[in-house]
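The values are calculated or read from the model by the stated rules, or taken from the named source; none is laboratory data. Predicted model, so just to flag it, every value in this text is computed and none were measured. So basically every Cβ, Gly included, is an ideal-geometry build from the backbone, and we count neighbours across all protein chains shown.
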Amino acid sequence: MRPDTRRNSVNQLLNSLEPDAFERVKKKLTRVKLRAKEVVYKPDEPIDHVFFPENAVICLMTLMSNGDTIEASTVGREGASWISASVGAPSMPCETIAAIEGTALRLPIADLDRELKENGHFRDILIEYSHALLIASMRTSACNGLHGLQERCARWILMTLDRVGADAQAEEVLAAYADEIEAMKQQGGYTTADVIDVNPQTPNLDVLLNKFKTEHTHSEDEVRFILSGRGIFHIHPANGDVVAIEVEAGDMIRVPRDTKHWFDLCSNRTIRAIRWFQDTTGWTPHYTGSGVDAQFDPVCFGPAYFGPRVENKISA
Ligand SMILES: [Fe+2]
């Protein structure tokens with residue numbers, strides 16, 4: 001396969017090259033497909049190519065003496081498989097695998113060395129990227145060690161979303177998050193998962209929204225992880241006041257079964273979410289007919305609501 005002949009690359013590190021450097025490097029690139037679980041580098045073995053992912057995601061795994069592995073860092077289209085190239089290291093002590101199948105641009109290490117010697121700008125970018133990857137790795141370690149499954153799942157999904165792109169097809173999203181979705185299924189007893197997209201282009205949008213925004217219950221949990229867009233859940237406990245919960249990208253919500261609730265979109269009428277189901281028949285509402293939902297306006301404030309006001313108050 002020949003690499004894309006466009007001037008700009010999907011890979012953001014390659015995209016940061018000066019135009020003449022990009023043209024030089026482009027001639028040395030080969031697009032390859034990395035299959036899930038494919039070993040890219042074995043620990044401490046000489047590295048002869050560096051990979052710049054397009055839509056593949058590469059995982060750097062710390063390998064223990066008993067053979068156990070744990071994720072140390074992930075690399076997608078924002079980076080490169082072997083950042084130690086910028087300091088001339090010949091190998092890495094970790095095992096590097098393709099976590100998500102996709103394409104990457106492969107560059108022989110001799111060509112990378114030559115470019116780094118001639119191109120201080122590119123070398124600086126790789127060093128800055130190394131610093132960013134170190135910080136991300138520290139945060140990943142903290143999350144893996146201190147957070148529960150739902151928080152870890154949220155981190156995996158958000159990081160992966162950054163790497164595969166928010167506009168990916170539903171099938172690509174489900175494939176990209178297959179491990180995390182499966183972990184959630186096992187923890188919550190869910191049998192299926194899908195991606196729901198609702199936006200102004202959705203056919204019969206108002207009919208669909210009327211179904212969402214009328215008080216109802218389900219005979220199973222309503223579990224959503226928000227990928228993009230915003231909306232507002234109203235939760236109506238059996239013996240309590242109605243509570244409004246605004247959700248946006250990165251939020252996970254679980255409305256327990258038989259809990260009265262309804263849902264509205266915010267003003268841009270757009271949301272994308274992963275849904276988990278315990279019942280293979282999927283989303284089945286049981287409407288209460290109470291009319292309580294009509295007493296509450298779907299007012300979304302958003303994360304920016306308090307920010308400028310607080311800032312102005314402090315500076316006043
Ligand atoms: Fe619902």
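Quick rundown of the values:
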| item | result |
| --- | --- |
| Qualifying residue in segment 157-176 (condition: among the small types (Gly, Ala, Ser) and not assigned by TED's automatic domain parsing to the domain that holds Ile253) | no |
| Whichever residue in segment 107-157 is touching a residue at least 40 places away in the same chain (Cβ under 8 Å) and not in a helix (DSSP H, G or I) and, among such residues, is surrounded by the most Cβ atoms within 10 Å (Cβ to Cβ) | Leu107 |
| Asp241 in contact with a strand residue (DSSP E or B) (Cβ under 9 Å, 6 or more places away or on another chain), assigned to a loop (DSSP other than H, G, I, E, B) and not small (Gly, Ala, Ser) | no |
| Sole residue being under 30 Å from Ala294 (Cβ atoms) and more than 16 Å from the ligand (Cβ to nearest atom), chosen from Leu205, Leu174 | Leu205 |
| Qualifying positions in segment 25-56 - touching a helix residue (DSSP H, G or I) at 6+ places or on another chain (Cβ under 7 Å) and either at pLDDT 85 or above or among the basic types (Lys, Arg) (or both) | Val25, Lys28, Ile47, Asp48, His49, Val50, Phe52 |
| Per-region count, segment 265-288, residues modelled with pLDDT of 85 or more, in a loop (DSSP other than H, G, I, E, B) and within 15 Å of the ligand (Cβ to nearest atom) | 4 |
| In segment 64-104, the residues that are part of a strand (DSSP E or B), in contact with a Ser or Thr (Cβ under 7 Å, 6 or more places away or on another chain) and within 17 Å of Met138 (Cα to Cα) | Thr69, Ile70, Glu71, Ala72, Ser73, Val75 |
| Checking Asn8 against (1) within 28 Å of Ala168 (Cα to Cα); (2) at pLDDT 80 or above, the condition it does not meet | (2) |
| Tabulated pairs, segment 217-238, first in the same structural domain as Ala170 (by TED's automatic domain parsing) and part of a strand (DSSP E or B), second of a type in the set (S, T, N, Q) and within 15 Å of the ligand (Cβ to nearest atom), C-beta under 8 angstrom, 6+ apart or interchain | Thr217/Thr259; Thr217/Thr288; Ile235/Thr259; His236/Thr259 |
| Residue that is nearest to Gln187 (Cα to Cα) [pool: residues in segment 212-256 that are charged (D, E, K, R) and more than 11 Å from the ligand (Cβ to nearest atom)] | Arg254 |
| Lone unmet requirement of (1) within 16 Å of the ligand (Cβ to nearest atom); (2) at positive phi for Gly189 | (1) |
